[in-house]
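The values are calculated or read from the model by the stated rules, or taken from the named source; none is laboratory data. Because the structure is predicted, anything quoted here is derived from the model rather than measured. Methodologically, a virtual Cβ is constructed for each residue, glycine included, from the backbone with ideal geometry; neighbour enumeration extends over all protein chains shown. These area figures cover heavy atoms from the full protein model, side chains too; ligands, DNA and RNA do not enter into them. Shrake-Rupley method; radii C 1.70, N 1.55, O 1.52, S 1.80 Å.
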Amino acid sequence: MRKLWLNGTALVLSALFIFPVYWMVSTSFKSNSQVLTKEPVFFFTPTFEHYSTATGVDLFWTYVTNSVVVTVGAVLLALVVALAASYAIARLEFRGRRGMVVAVMMAQMAPWEILIIVVYLNARDAEMLNSLLTLTLIYFVMSLPFAIWTLRGFIAAVPKELEESAMLDGCSRAQAFLRVIFPLLGPGLMATSLFGFIAAWNEYAMVLVLNKSPEAATLPLWLTQFQTNFGNDWGATMAASTLVTIPVLIVFLLLQRRATGGLSAGAVKG
């Protein structure tokens, strides 16, 4: 009976989480009359007209390219810097080490929206508005605390004796890190990459304030364009939302097995 209740609860919760996604995808394939009807429509003939409307927006591929460039750039920067910082925290003894750990935790918990005005003023004074580089650096900084905290746990879990043995065999500290520690950080790298990808891919507030030019905008701003004189074009909005979700789903499916272990292990080790 206990197992039956647990399975039943899991099914109910799964349905609650999956239904909005199902409704978004199904709405993207309905005709306008079926979208706007008072009664919900569950059986219908699929149509791709909303996808044609969504992808037919001016500069659609520019939005896609900008999102890919900003997201990939931010994730790669976060991984490189986080590897160095997390290694220093986990392995080296230096003054202010504990303070640095506390600062990383506080930065991870802080809501980045409170910094929008300050970031905007600095970007304006530096003439860096409507710049993909600005967005990349901001998303990099947003992802960095989580990456440092997660990778720190993995590095601390690797026995120091392995690294010391490599150094006794003639490796420098950098070589020992690359040959001994780095190959063991796969789950942590997957977890931080997934988190950074989702955060940068879906971020809306910063790009809305900093990159109002369509040539420098990303996909979250593209989602706001489907409005007519009669209201929102919900079919096109749902089609665009589905298209934006697909890359995140693909990345998650590719990384989820190792990333799930990385999220739990990095939180408790070290």
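In this structure, does F44 turn out to be hydrophobic (A, V, I, L, M, F, W, C), touching a Lys or Arg at 6+ places or on another chain (Cβ under 9 Å), without any contact (Cβ under 8 Å) to a residue 60 or more places away in the chain and open to solvent by 50 Å² or more (accessible area, probe 1.4 Å)?
On the way: hydrophobic (A, V, I, L, M, F, W, C): yes; touching a Lys or Arg at 6+ places or on another chain (Cβ under 9 Å): yes; without any contact (Cβ under 8 Å) to a residue 60 or more places away in the chain: yes; open to solvent by 50 Å² or more (accessible area, probe 1.4 Å): yes.
Against the criterion (hydrophobic (A, V, I, L, M, F, W, C), touching a Lys or Arg at 6+ places or on another chain (Cβ under 9 Å), without any contact (Cβ under 8 Å) to a residue 60 or more places away in the chain and open to solvent by 50 Å² or more (accessible area, probe 1.4 Å)), F44 qualifies.
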query = Is there any pair linking a residue in the range 170-197 that is farther than 29 Å from F252 by Cβ to one that is small (G, A, S), with Cβ under 8 Å and at least six apart or on different chains, and which?
reply = Q175/A166; A176/A166; R179/A166; V180/A166
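Could you list all residues from the range 101-131 that are more than 17 Å from the chain's Cα centre (by Cα) and within 29 Å of F182 (Cβ to Cβ)? I'd like the intermediate steps shown before the answer.
The initial filter retains those residues of the range 101-131 that are more than 17 Å from the chain's Cα centre (by Cα), namely 101-106, 114-131.
Within the range 101-131, V101, V102, A103, V104, M105, M106 qualify.
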key: Inter-residue pairs, beta-carbon under 6 Å, first touching a residue at least 60 places away in the same chain (Cβ under 8 Å) and in the range 55-73, second among the aromatic types (F, W, Y) and assigned to a helix (DSSP H, G or I), 6+ apart   = Y63/W222; T71/F197; T71/W201
note = Restricting attention to the range 1-43, the residues that are closer than 16 Å to M238 by Cα and either in a loop (DSSP other than H, G, I, E, B) or touching a Gly at 6+ places or on another chain (Cβ under 8 Å) (or both) number exactly 12
message = I need every pair where a residue in the range 134-146 that is at negative phi and in a helix (DSSP H, G or I) has its Cβ under 8 Å from the Cβ of a residue that is at pLDDT 90 or above and open to solvent by 30 Å² or more (accessible area, probe 1.4 Å), sequence separation at least 6 or different chains.
response = T136/V69; T136/L77; L137/L77; F140/L77; F140/V81; L144/V81
query = Within the range 5-13, is there a residue that is touching a helix residue (DSSP H, G or I) at 6+ places or on another chain (Cβ under 7 Å) and open to solvent by 60 Å² or more (accessible area, probe 1.4 Å)?
reply = no
request  = Search the range 149-194 for residues being part of a helix (DSSP H, G or I) and of a type in the set (S, T, N, Q), and hand back the single one that is surrounded by the most Cβ atoms within 10 Å (Cβ to Cβ).
outcome  = T192
